[in-house]
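Take a look at the structure below.
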Amino acid sequence: MSQAVSEPRTSSVGATAAYADGKEVLVEVTDLKKYFPIKSGILFQREVAAVKAVDGVSFKVYKGETLGLVGESGCGKSTTGRTILQLYRPTSGSVKYRGQEITNLKGESLRRMRREMQMIFQDPYASLNPRMSVGRIVAEPLVVHNIGTKKEREERVAELLEMVGLNPYFVRRYPHEFSGGQRQRIGLARSLALNPSFIVADEPISALDVSIQAQVVNLLQRLQEELGLTYLFIAHDLSMVRHLCDRVAVMYLGKIVEIAESEELYTNPLHPYTQALLSAVPVPDPAVEEKRQRIILKGDVPSPINPPKGCNFNTRCPVSIDVCFETEPELVEVLPGHWVACHRVI
Amino acid sequence: MAVAEGAEPLTLAGEEKPSNPWLDAWRLFRRNKAAVVALNVIIVIFLIAISAPLLTRLEILDARTGEAARHTINPVNLPQVDSYPDPLTCARDGQDQNPYWCSWLSEEALLEVQNKYCFRPAPDPNQRQWCYLLGGDSSGKDWLTQTVYGAQVSLAVGVLGATMSLVLGLIYGVIAGFYGGRVDNIMMRIVDFMYGIPYLVLVILLQVFFTEVARTYQGTERGGLVGFVLDLNSDMGGLLFLFIALGSLSWIGMARLARGQVLSYREKEFVEAARAVGASNRRIIFVHLLPNVIGPLIVAETLAIPGYIFTEAFLSFIGLGVQPGTPSWGAMISEVRTRGGFFSNRFILIVPSIALVITTLSFNFLGDGLRDALDPRLRGT
Ligand SMILES: Nc1ncnc2c1ncn2[C@@H]1O[C@H](COP(=O)(O)OP(=O)(O)OP(=O)(O)O)[C@@H](O)[C@H]1O
Ligand code: SF4
Ligand SMILES: [Mg+2]
């Protein structure tokens, strides 16, 4: 079990300290919480419990970077993304966009903010309205914000379709005629229509064939370069994220357990949960793959309705100690740019 | 950039025909032959119903005033109360006065038909006399004419009843499903409560009440809303109150269905995407939800139409439906029950029954076809 917790090394990324230097913070999330109430009662419902989907999450997203958000199914990644975009109103906490608090925006100012932040969805089948033509789908943001004349909008739609590698001739087609990858491109064209700076990509490739995944990832990277986009890229496995993301945040049961630059995280994972996740990722080098030891976590993820006291990973942690069952570990910067929430790492 | 982005084929699989969801639905619908036939039958019935005044020359008693309308039977020729005019009797009162089909026949053929099929000898040629293609009822009204006008009542009840229940149920269900939470909870408890009320009993009680009100105020001058409603109802031959009674509960099933549909689409990612670009609730409801939820509702309403038609026929049969004098298939069938005489003219029972069966069956087949075409739950995607 010694490999589970490695000593903090002053290692691979000596330059990490400089990472944030001179970079503009685009989005800042502080102690964000989203609880979904569970109600019961026949006519007058009382709140009997709450699903703590996101339970105190803090991180910064720098302009122009891709921040990965990784974790098992149900750990609250999508909820985090949606709460940042104000698709869900947070239970508490703050979200700042270019320094401006957006959790209290309403009406017109919220609508204006929506032009800046967009979302790409996981399911390419559910994310396009089956009753709308591709042209109408991509033009919808422009119509909603009353941008341009009909003709200008048509031109913009053609331009957007071309930008995502689709034939502009498809505008009169309907979603069911397209493959998963093509639909994902249509969704991308829609989210780019308003020229946003920040995009939450919620597992945009996990529903696609492996052969198509790389194409969509490449497209996302190209668009990032061309348009100067900033991504929050949500994924449930670490392997895809490595090449795409500058930094990665690992989430477990509504909380962030570790954030670091990608290379640092892959070469020097500090949190026992991250180590377990990484141990499951196959290594291309056969020699290393041979020696690779999988850390199999025991048990299931506890219910987010009733998370364990202390560190919420303590039910499955192979290296837990007494204090883990008493106090919750804080997310602290143990190395420059490398944040971990674990009593054994500090 | 290692993998060429263009590697994914840019052409689309499948046929090059333009395809949109409604067009596809129409193609699917056309594949169901029974439904296409049913649709045509319904169109024909509909055309017959709206052109009833053109098709028949014998007009019926004006329901409101109870006076004889312009063309009535010459009293001299009124048969005895306990027997019906025979079918195929034809007037000899100048060609232009004869019902449409008489003019198809030559003078000789007409005579022959009469000689062959009419029990009563041809009356005095100077007297005005009418033709009964299918015979008439005990008060001398032509049965064919009544059947044709009866189609108006059945279609109106079926189609307007369904539309009303669809609109009410849709509004109610969409509000409940879309806003959710406490609003939904209270609205749906009300629906659950109403579900427990026996439908037919309530309809009968309402109709008893309405007919009583209509009878009480008959002939008296009443102003205001009540008077207006009573007049309107009376102009419609009692149909207005019938709609209200039928619609009183029929929308709740639709409300449940609409709410369920909205709930299933409300959380779909395309709705979320619309929210993310800042679309208003109104836009989300009308552009994103309604076009998706309406299909199964239309199917359900079409399949409910036979029920409305039967209920109207049943109510009119027991005398609680349309006002007396308004032709309705149910009321026509009850003629036989109250006055007898089935064996003197079998058409009297058979004609309205067949009309009822054909109409309701057609709506059933139409509903089946629409279900194949419109209900995505039964389709691939
Ligand atoms: N609208 C909601 N109402 C109630 N509970 C919700 C809602 N949305 C999510 N949850 C719950 O919140 C928790 C986190 O869900 P979330 O969708 O954010 O997980 P995720 O990490 O995105 O998982 P996945 O990888 O499966 O997409 C889950 O337990 C889920 O059941
Ligand atoms: S705090 Fe304790 S239980 Fe939590 S991950 Fe660290 S060692 Fe394991
Ligand atoms: Mg998710």
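The values are calculated or read from the model by the stated rules, or taken from the named source; none is laboratory data. Keep in mind the model is a prediction, meaning the values are calculated, not measured. Note that we place each Cβ from the backbone using ideal geometry, even for glycine, and neighbour counts take in every protein chain shown. Just the protein is used for accessible areas: all its heavy atoms, side chains included, with ligands, DNA and RNA removed. Shrake-Rupley method; radii C 1.70, N 1.55, O 1.52, S 1.80 Å.
Things worth noting here:
- Interface residues, segment A:68-99 - accessible area loss of 50 Å² or more versus chain alone, probe 1.4 Å: A:Leu87
- Estimated inter-spin distance, B:Ile358 and B:Asp24, nm [label 7 Å along Cα→Cβ]: 3.7 nm
- Full-extension gain in nm, A:Glu326 to A:Ser40, via 0.36 nm per residue minus C-alpha separation: 99.8 nm
- Phi to ³J(HN,Hα) by Karplus 6.51 cos²θ - 1.76 cosθ + 1.60 over segment B:284-292, Hz, x for Gly, Pro: 5, 5, 7, 8, 9, 8, 3, x, 8
- Legend: residue pairs A:Lys34/B:Lys268; A:Lys39/A:Lys309; A:Lys60/B:Lys268; A:Lys23/A:Lys96, Cα-Cα distance threshold 25 Å; pairs beyond threshold, A:Lys60/B:Lys268.
- Taken across both chains, chains B and A shield about 3900 Å² of accessible surface from a 1.4 Å probe.
- GNM top mover of A:Gln182, A:Gln100, A:Gln86 - chain A, alpha-carbon springs below 10 Å: A:Gln100
- Three-way shape call for segment A:46-103 based on the alpha-carbon gyration tensor, with the a/c threshold at 1.5: oblate
- Solvent-free Debye scattering, log10 I(q)/I(0), computed from the Cα coordinates of segment A:192-287 at q = 0.23, 0.25 Å⁻¹: -1.32, -1.42
- Chain A: radius of gyration and largest Cα-Cα distance (Dmax), Å: 21.3, 67
- Within segment A:52-161, the proportion of Cα pairs with more than 16 Å between them is 69 percent.
- Accessible surface of chain A [probe 1.4 Å, protein heavy atoms]: carbon and sulfur percent: 52 percent
- ³J(HN,Hα) computed for each position of segment A:304-315 - Karplus, 6.51 cos²θ - 1.76 cosθ + 1.60, integer Hz, glycine/proline x: x, 6, 9, x, x, 6, x, 6, 6, 9, 5, 6
- Note on segment A:224-346: Cα-only Rg and Dmax are 15.5, 51 Å.
- In this structure chain A gives 43 Å² per residue of accessible area when probed at 1.4 Å with all protein chains present.
- For segment A:168-210, residues shielded by at least 20 square angstrom of accessible area compared with the chain on its own, probe 1.4 Å: A:Phe170, A:Arg173, A:Tyr174, A:His176, A:Glu177, A:Gln182, A:Arg185, A:Arg190
- Accessible surface, 1.4 Å probe, highest first, among residues B:Tyr199, A:Tyr231: B:Tyr199, A:Tyr231
- Note on segment B:161-379: Kirkwood hydrodynamic radius from all Cα pairs is 19.8 Å, rounded to one decimal.
- In chain A, Cα pairs under 8 Å separated by at least six residues give a relative contact order of 22 percent.
- Helix content alone sets the calculated 222 nm mean residue ellipticity of chain A: runs of n ≥ 4 DSSP H residues at -39500 (n - 2.57) each, divided across all residues, give -8500 deg cm²/dmol.
- Label separation (A:Asp209 vs A:Ala49): 4.3 nm, computed from points 7 Å beyond Cα along the C-beta direction.
- Carbon-plus-sulfur accessible fraction, segment B:161-379 (probe radius 1.4 Å, protein heavy atoms only): 68%.
- Checked against a 31 Å cut-off, the cross-linked pairs A:Lys106/A:Lys255; A:Lys151/B:Lys33; A:Lys77/A:Lys151 give Cα-Cα distances beyond that limit for A:Lys151/B:Lys33; A:Lys77/A:Lys151.
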